[in-house]
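Here the structure is laid out as structure tokens; the discussion comes afterwards.
The values are calculated or read from the model by the stated rules, or taken from the named source; none is laboratory data. For clarity, every value in this text was computed on a predicted model and none was experimentally measured. Glycine gets a Cβ as well: all are built from the backbone with ideal geometry, and neighbour counts include every protein chain shown. Heads up: the accessible areas ignore ligands, DNA and RNA and are worked out on the full protein's heavy atoms, side chains in. Shrake-Rupley method; radii C 1.70, N 1.55, O 1.52, S 1.80 Å.
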Amino acid sequence: MGRVMTQGTITETDLIMMERCIELSKAARTYGEFPFAAIVCDEQGIVSEAINRVARDTDVTRHAELIALSEAQRVLHRPDLTGCTLYSSVEPCPMCSFPIRETRISRVVFAIRSPLMGGFSKFKVLQDMEMSNVMPEFFGDPPNIIGGVLVQKAENVWRNCNPIIWAVIRYRGCFGGDPDPNLCLHWQGPNRSHRFNWHQIAQRMIATASRLRGQPTEPRRLENQTTSPAADREFRPEPD
């Protein structure tokens, strides 16, 4: 089902969005972050965009893809992102890939492949059929994947950010390693003409059960826990 395609597979929108994603990854350096960036868009355009907040929030889970997915759900007022495309400067890792499947993103487009840590190339989360077959209430079908879009531009950002770190990354085989930068990986997900939205059905059942039992008790906040106002602000890129 997977295959390698030429540049003709990529749409004009894909190129525009990936250009924007790479520009965001450049901006990440000014915030002390590695050049990771992600965008979620639908037919109307960009829904959300983000860069890593790992260094600023002192939190290894604050990946650009997770922040963009979270913001997209907030903006669209729904957890189901069917019909949306996620653009990422680097192939999403397994941690980011599970929410991609849970939110039912239809397409994932990335620049730099990650053969060591990739949720598609290495751990197969983005192409696993068993997840959605066994637990359709929680996981959507595998999305269509296009990798290697504007990969040379994305790699240049990493190289310019820190040539030594980039050299080590390439030497260890963490990122990149594509045999031909002019070719793009294209993996077609399953084409199902109709499928029940088990996620919505499950959510309605849970909501109904909660109403019958009464409102659950909210988790109690720790008395000494403090939140920095700066930590609550998501990345908002300056207008061009």
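Please give the per residue accessible area of the stretch 102-160, computed with a probe of 1.4 Å over protein heavy atoms only, in Å².
Details: 2290 Å² over 59 residues.
Value returned for the stretch 102-160: 39 Å² of accessible area per residue.
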Fill in: residue 116 accessible area, 1.4 Å probe, all protein chains in place, Å² to nearest 10
80
Discussion item. Give the separation of the Cα centroids, the stretch 76-100 to the stretch 19-40, in Å.
Written reply: 16
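By accessible area of protein heavy atoms, probe 1.4 Å, what ranking do 131, 205, 117 get, highest first? Each step should come with its number before you reach the end.
Numbers: 131 30, 205 130, 117 80 Å².
The residues order as 205, 117, 131, largest area first.
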Worksheet item: Points 7 angstrom from Cα along the Cβ direction at residue 61 and residue 168: gap in nanometres?
Response: 2.7
Worksheet, complete the sentence: per DSSP, antiparallel bridges as share of beta bridges in the stretch 1-111, % nearest 5, sits at 70
Worksheet item: Per the 1.4 Å probe, what fraction of the accessible area of the stretch 83-149, in percent, lies on carbon and sulfur atoms?
Response: 62
Worksheet item: For a paramagnetic label modelled at 7 Å from the Cα of residue 42 toward its Cβ, which residues of the stretch 80-116 fall within the zone defined by backbone nitrogen distances under 12 Å?
Response: 80-85
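Provide the per residue accessible area, probe 1.4 Å, for the stretch 22-80, rounded to a whole number of square angstrom.
Numbers: 2780 Å² over 59 residues.
On a per-residue basis, 47 Å².
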Worksheet entry | Spin-label pair residue 191/residue 206, simplified geometry with 7 Å Cα→Cβ offset, distance in nm | 3.3
